[in-house]
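The values are calculated or read from the model by the stated rules, or taken from the named source; none is laboratory data. Quantities reported herein were computed from a predicted structural model and do not represent experimental measurements. All Cβ positions, glycine included, derive from the backbone under ideal geometry; neighbour counts span all protein chains shown. Quick note on the areas: whole protein, heavy atoms, side chains included, nothing else; ligands and nucleic acids left out. Shrake-Rupley method; radii C 1.70, N 1.55, O 1.52, S 1.80 Å.
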Amino acid sequence: MAEVKVKVQPPDADPVEIENRIIELCHQFPHGITDQVIQNEMPHIEAQQRAVAINRLLSMGQLDLLRSNTGLLYRIKDSQNAGKMKGSDNQEKLVYQIIEDAGNKGIWSRDIRYKSNLPLTEINKILKNLESKKLIKAVKSVAASKKKVYMLYNLQPDRSVTGGAWYSDQDFESEFVEVLNQQCFKFLQTKELKMLKWAETARESKQNPMIQRNSSFASSHEVWKFICELGISKVELSMEDIETILNTLIYDGKVEMTIIAAKEGTVGSVDGHMKLYRAVNPVIPPTGLVRAPCGLCPVFDDCHEGGEISPSNCVYMTEWLEF
């Protein structure tokens, strides 16, 4: 008589226990888990039971559904964002999560379409809905004037998107940059002249010449403070902005820089170092190649063909070639 094999069905697991275990796994792996991870951790749970538990967690807004190169990812949802997205469907939540992951650099609708695998018409509809709820905003990028990037509504766009202090409504403020260039150099020149007058007195008293030289240097913080007190800028400038201007003066041969060690907490120091600048008189005039506008341009990194700033439409390059 043939042996009859009976398939023993595992007892049905408690749905709440499955959901709690999935939540625990998401906490263990905050960047997200795949269905394979869940399967490996709960091999006795049937695929249908896993799917029911995951769909319930998604519908309750406890999980985010993401798409990666390896497939779908499930990630624990931030409680604050869960309240914002209450009442939204899974597609809208997915688009919101993609935009959130892009941070303050934003993301183009084309990239949202690629990551979500949703039709463009559906994405445009979702984007308009999220904008109307003031959950996201569209920002024009200086890298491509006809394209917009999307980011969370409360984020301040990155400098790579807005162009920083050198742009106003996507237009490069060349006159503003030139004024800053002149005023920074003027400040360093004034400090140099004061040092020369003091050096004449010090020479007679035979003081250390290195002390005389070092007194002609000014930190980037001093230059930044001088520019802020002038009140010539309508936007708030950072020390990084001023150092960008000072770098153009260095490339032009008008200023030199040195870096010294500084005590932690010293005003103007970064990671135990401080940048000092002083005006110099070039021994010989710079060659034509050195004076090319590319070497002096504070937005050199944003210059590329097809962008708002490009070699083909650069008026400074045209003037230099005609010269």
Among the listed pairs 186/275; 77/115; 128/234; 77/140; 254/275, those beyond 21 Å (Cα-Cα)
128/234; 77/140
When only the heavy atoms of the protein chains count and the probe is 1.4 Å, how do 120, 63, 73, 321 rank by accessible area, highest first?
321, 120, 73, 63
Karplus ³J(HN,Hα) for the range 147-158 (6.51 cos²θ - 1.76 cosθ + 1.60, θ = phi - 60°; Hz, whole; x = Gly/Pro) runs 10, 10, 10, 10, 8, 4, 4, 8, 8, 8, x, 5
Enumerate the whole-percent occupancy of each 5 Å bin, from 0 to the last occupied one, for all C-alpha pair distances of the range 87-163.
3, 17, 30, 26, 16, 6, 2, 0
Can you compute the modelled spin-label distance between residue 232 and residue 154, with each label point 7 Å from Cα toward Cβ, in nm?
3.8 nm
Amide H to amide H, which residues 5 or more places from residue 136 or on other chains are under 5 Å from it, using H placed in the peptide plane?
131, 153
As an exercise, find the ratio Rg/Rh for the range 15-81 from alpha-carbon atoms, using the Kirkwood inverse-distance average for Rh.
0.93
The range 228-267: projected area of the alpha-carbon convex hull, averaged over directions, in nm²:
4.1 nm²
Ordered by residue, what ³J(HN,Hα) values in Hz, to whole numbers, does the range 120-130 give under the Karplus form 6.51 cos²θ - 1.76 cosθ + 1.60, where θ = phi - 60° and Gly and Pro are x?
4, 5, 5, 5, 4, 5, 5, 4, 5, 5, 5
What residues have an amide H closer than 5 Å to that of residue 73, excluding those fewer than 5 places away on the same chain, when H is modeled at 1.01 Å from N in the peptide plane?
66, 67, 68
Less than 16 Å apart at the alpha-carbon level, and either on another chain or at least 8 residues along: which aspartates and glutamates does that give for residue 134?
92, 100
In nm, to one decimal, how far is the residue 31 label point from the residue 111 one, both placed 7 Å along Cα→Cβ?
1.8 nm
